[in-house]
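Okay, so here's the structure we're looking at.
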Amino acid sequence: MSRSINWAAVAALVLLASADPARVARGQAVGPGFELERSGRYADAASVYLTTIRSDPTNIPALLGLERTLFVLSRTSELLPLVQHARTRQPDSPALRSLELRVYAALNEPDSLEAIALRWAVSAPQSEAPYREWGLALADRRMWDEARRAFLVGRRTLGGDGTLALELAELEQRVGNWEASATEWGRAVTRLPDVEANAASQLADAPAAMHDRVARALTAPVASVRARRLASEVLLTWGQPHEAWAAMEPTLATADTEAPTALRRFADLAGALTTPEGHRVRGLALARWADMMPGSTGGRARAEAVRELLDGGDKVAARRVLEAHSDSNGIAQAALIHLLIADNQLDIAEERLSAPATAITADDRATLRLTLARARVGRGELDRAAAALGDDSSVAAIAQRGWIELYRGKLKNAMEAFRLAGPYALDRAAATDRTAMMALLQRIQQESSPDLGAALLTLARGDSVAAIAALRRSAARLPEQGGRLEVLLIAGQVAAQKGGDQELTAIALFDEVVRTGGEGAAPPAAELEWSRLLVRIGRSAEAIPHLEHLILTYPNSAFVPEARRVLERAKGAIPKS
Amino acid sequence: MKRRDFVTTVGRSVGLTVGARYFDLWPSGRRAVVPSLLIPMDDSQTDHLKAYGLTYKAIQNGLKAEWLLNYRGGSFLIPDLDALRRDAALNGIRTEPVDSAMTAVRGEIEASNMDAVPLEKAPKVAVYAPPNAAPWDDAVTMALQYAGIPFTKIWDPEVMTGSLKDYDWLHLHHEDFTGQYSKFFLIYSGMSWLAEMVQRNSDTAKRLGFQTVPDLKKAVARSIHSYVGSGGFLFAMCTATETIDLALAAHDVDIAATFADGTPLDPDADAKLDWSQAFAFTGGHIETNPLVASFSDIDGHQVNGGARRQPLGAYKLFNFSAKIDPVPTMLVQNHRQVIPDFYGLTTSFNRNRLKPGVTILAEEEGAPWVKYIHGDLGKGTWTFFGGHDPEDPQHQIGDPATDLSLHPHSPGYRLILNNVLFPAAKKKELKT
């Protein structure tokens, strides 16, 4: 924002004035002008300020008021003699010096502006202020090259790589020179660590096309530790956690007092990322931070680090953290068992979970049992999965037993378990899966179907292609209106999710369900899935007749509102979201 | 033919001249009688916005429709054809077959503050918008797309080469006709979309022989003014309302800041403005501060005016006499009478800046501003609606576009679509 219209500064000046009775009088004198200015009556406001100046030539609020109002009225030239007079009376006032520079800039007299700035610099040889105000006055007039030269003259005269770096960084950013801006921000944080938050916030706005250049500028071989940490923060903001950690890690090679703060900030920023890589680098940062923290703080951070590393899929790093710290902490023990399960070392996990003297809480133990049971299912070990649940009577365990019964082909038992578990066990996705499965089981009259159970188990174990074939075989043994269409629909959904070659299979399966038609939700659901698949693979025009057919053929179906939405999107009538 | 060539209503039966394409779709057993479908527009309607598109489609195909003003929220009557039923079903639009019940409906209309207006010719719609996508949405474009009403995008070159005569209805996107890029030039300095906007406008001005962008925009504003005077329908929202009038009033005055045309604005601009050239406003004062994204004191809310900014309230639609004032009645057809307000760079219009004779269609009761206004100019009419997006009260630059499938009953968007169908109406002679 232009400093010439800086209301906050005006307010601050007025407030500062209140400490001194003489200054109170000054503030009161310009008060009406201030109000007139706020209501847009600039000429009237200027008259008030001029009246004040006549009796008090160095009244800075009045002079600043004139700077604002006369600019709007295109009468800035009237201000120059007043400012020169005031500056003569108070030659050491930085506010008056700055104002004088801005007036020359507003009057487009760069030569005079430079002369005045250099004269000020002679009177204050160690100060950055003359060069700063000179450059800013030019920048406010969008005279970028001249402003840059002013700052660089200051840097050369005063010496120091980081001198006026903040001003140059902001200038380069305004011009769109993001790479140069990054270099200057690097110098600025090296000199003044307090500006790092501002630097990161400013550089976060760099256009995507400039990200690489900005990052390179901050991590160049000559870059300081602070500049590299700034790079890591900016990269996190851009959603590049891998590159962010690559910038941060080398700065931790030698201990420094700012490292814990930098790591904690890195971990907090990485917490905003939901990608596996985001979790992974957060885990890495927390693990390093934990090593710097004493006692329980470090232990808690380490446990959190392990969880993050597991969420990020880095089991090796997680295990390394746990093995390096043989905590008796229950959280860490639970994390280690999670890790063992994720690493498919189920027998060891089971052994540790069964050990009588662990510090694991009851809630964590129940969660681990469920996780272990799911992992056993994933290996097709249904009996051991049921055994892992033990005598747990929670709704989550009952729901899990329902799935185990389903995979055994005992459809009636599965249905009863799902009913008993109710709609709220576990999270929303799990509840939706159960409800969908209950809808399928309702259509099937048989109490058991080992074929279907085995097919669904194959699916649960992640072998999609084999599951599709098994589901088709199982469907062929079911009556047309007794579950066959629903099972084919599941096979089609799996094939559509699989993508690639399986898309043709999916289309064939959806086609079969739609052509067969009849009662039940499968035909409209299949047609909707078919359409979604077509839209996804860029064949929207082919999806439109299917969606229209669905809407017109099944007007009371629960799928119609979603079908209309997909139809709108296929036609391009509503924005993509 | 411009829709100004209105003639006296001669009949109210629907669908007597049915488009061949649709005629073919009639079930053979139903040709002897012409039954109708009522599209209710009260709370029973399942998609108010798409109902306009269905009605438009009917008249676009040569069918006749009727707008039943003030009857169940401003319902429509269209021929009961399979093709239209199919479209209604696909789009989730509630329709009700009416045969014998129509006699009672017409009786009720005759006896109440209601009227039936025939809709005959689908207006050709143009949207004045730059070729590139701006980082903000446009309510009218979205409403037209959602309702399925076709339109053509035009911009300065088309306007300056006389293409406006090819259209019945013109909507102005959020253009700043003062040529100051909505006064974002300094605030959003460095943004790529702004740089592109400046470059595109400057190039266009040069190509069309204008020295500056403000000069070009003034010429465009004058062409639009002539278009309305010759019988066109103009609909504008947000910034376009205020700035087109400023551009017209400032035909010989520099009201653009230095960044826009290289010269400071005329210090006596206010005194030199010629409001006789404007559509709606008079006596406005220019906002001279280039850093304040506000144009004048015409706007009541001053969303970017710092301490001058006013909070949002709600605006109320006027209730006109349908039989005496069918035009304003059409423009305010709605299932809601009080609607939450929404900001735009120009949100509302101060009453003391309206020209005498301007019809106020909606206002915030007790406030010094109005929201929705209408007027005649020569053979044409104009309608101004303040604000940016009726379903996104504080739309910010870069915000995602509003998904109208989530707002199918939007009363604010209905007002926009009333304007689109209004030029299709066949005007009756006034009874007074």
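A few comments on the model shown:
- Test set (1) at pLDDT 55 or above; (2) not in a helix (DSSP H, G or I) - A:Val48 fails condition number: (2)
- Selection of segment B:64-91 for residues being in contact (Cβ under 8 Å) with a residue 40 or more places away in the chain, of a type in the set (D, E, K, R) and assigned to a loop (DSSP other than H, G, I, E, B) yields B:Lys64, B:Asp80.
- Candidate set from segment B:117-149 (those that are in contact with a His (Cβ under 9 Å, 6 or more places away or on another chain) and in a loop (DSSP other than H, G, I, E, B)); member that is nearest to B:Ile324 (Cα to Cα): B:Asp138
- Filter pass, B:Gly148 being exposed (fewer than 15 other Cβ atoms within 10 Å of the Cβ) and modelled with pLDDT under 95: no
- Complete set of residues in segment B:155-184 that are surrounded by 19 or more Cβ atoms within 10 Å (Cβ to Cβ) and either within 14 Å of chain A (Cβ to nearest Cβ) or without any contact (Cβ under 8 Å) to a residue 40 or more places away in the chain (or both): B:Lys183, B:Phe184
- Of the criteria (1) touching a helix residue (DSSP H, G or I) at 6+ places or on another chain (Cβ under 8 Å); (2) modelled with pLDDT of 95 or more; (3) surrounded by fewer than 21 Cβ atoms within 10 Å (Cβ to Cβ), which one B:Thr95 fails: (3)
- In segment B:401-426, the residues that are under 22 Å from B:Phe151 (Cα atoms) and within 12 Å of chain A (Cβ to nearest Cβ): B:Ala401, B:Thr402, B:Asp403, B:Leu404, B:Ser405, B:His407, B:Pro408
- Residue in segment B:6-29 that is in contact with a Gly (Cβ under 7 Å, 6 or more places away or on another chain), in a loop (DSSP other than H, G, I, E, B), at pLDDT 50 or above and buried (at least 17 other Cβ atoms within 10 Å of the Cβ) present: no
- As a summary of the residue check, B:Glu175 satisfies the conditions (1) touching a Pro at 6+ places or on another chain (Cβ under 9 Å); (2) within 30 Å of B:Ala122 (Cα to Cα); (3) part of a helix (DSSP H, G or I) except for the one numbered (3).
- Lone qualifier among A:Ala349, A:Ala359 - being closer than 26 Å to A:Ala301 by Cα and in a loop (DSSP other than H, G, I, E, B): A:Ala359
- Segment B:190-216, residues that are within 14 Å of another protein chain (Cβ to nearest Cβ) and part of a helix (DSSP H, G or I): B:Ser192, B:Trp193, B:Leu194, B:Ala195, B:Glu196, B:Val198, B:Gln199
- Selection of helices (runs of 4 or more DSSP H) fully inside segment B:217-289 by the criterion of at least 3 residues being buried (at least 24 other Cβ atoms within 10 Å of the Cβ) returns B:239-249.
- Segment A:55-105 - residue that is of a type in the set (Asp, Glu) and away from chain B (no Cβ under 14 Å) and, of those, farthest from B:Ala269 (Cα to Cα): A:Asp92
- Selection within segment A:250-286: residues that are part of a helix (DSSP H, G or I) and without any contact (Cβ under 8 Å) to a residue 24 or more places away in the chain. The member of this set that is farthest from A:Val316 (Cα to Cα) is A:Thr261.
- Taken together, A:Val560, A:Val535 contain a single residue that is within 14 Å of chain B (Cβ to nearest Cβ), surrounded by fewer than 24 Cβ atoms within 10 Å (Cβ to Cβ), within 30 Å of B:Asp47 (Cβ to Cβ) and within 36 Å of the chain's Cα centre (by Cα), which is A:Val560.
- The number of residues in segment A:56-77 being in contact (Cβ under 8 Å) with a residue 24 or more places away in the chain and assigned to a helix (DSSP H, G or I) comes to 14.
- Residue in segment B:215-230 that is at pLDDT 95 or above, among the charged types (D, E, K, R), closer than 19 Å to B:Asp376 by Cβ and touching a His at 6+ places or on another chain (Cβ under 9 Å) present: yes
- Residue tally, condition among the acidic types (Asp, Glu) and either at pLDDT 95 or above or outside any loop (DSSP other than H, G, I, E, B) (or both), over segment B:98-108: 1
- Where a residue in segment B:92-114 is assigned by TED's automatic domain parsing to the domain that holds B:Ser36 and farther than 17 Å from B:Leu81 by Cβ and its partner, wherever it lies, is of a type in the set (D, E, K, R) and surrounded by 15 or more Cβ atoms within 10 Å (Cβ to Cβ), with Cβ under 6 Å and at least six apart: B:Gly92/A:Arg564; B:Gly92/B:Asp47
- The set of residues in segment B:152-184 that are of a type in the set (Phe, Trp, Tyr) and farther than 18 Å from B:Cys238 by Cβ contains only B:Tyr167.
- Here the condition is being at pLDDT below 90, touching a strand residue (DSSP E or B) at 6+ places or on another chain (Cβ under 9 Å) and of a type in the set (D, E, K, R); of B:Asp138, B:Asp168, B:Asp156, it holds for B:Asp138 alone.
- Within the option set A:Leu567, A:Leu488, being in a helix (DSSP H, G or I), away from chain B (no Cβ under 14 Å) and of a type in the set (A, V, I, L, M) holds for one residue only, A:Leu488.
The values are calculated or read from the model by the stated rules, or taken from the named source; none is laboratory data. Being a predicted model, the structure only gives us computed values, none of them experimental. A quick note on method: Cβ atoms are made from the backbone with ideal geometry, for glycine too, and the neighbour counts reach across all protein chains shown.
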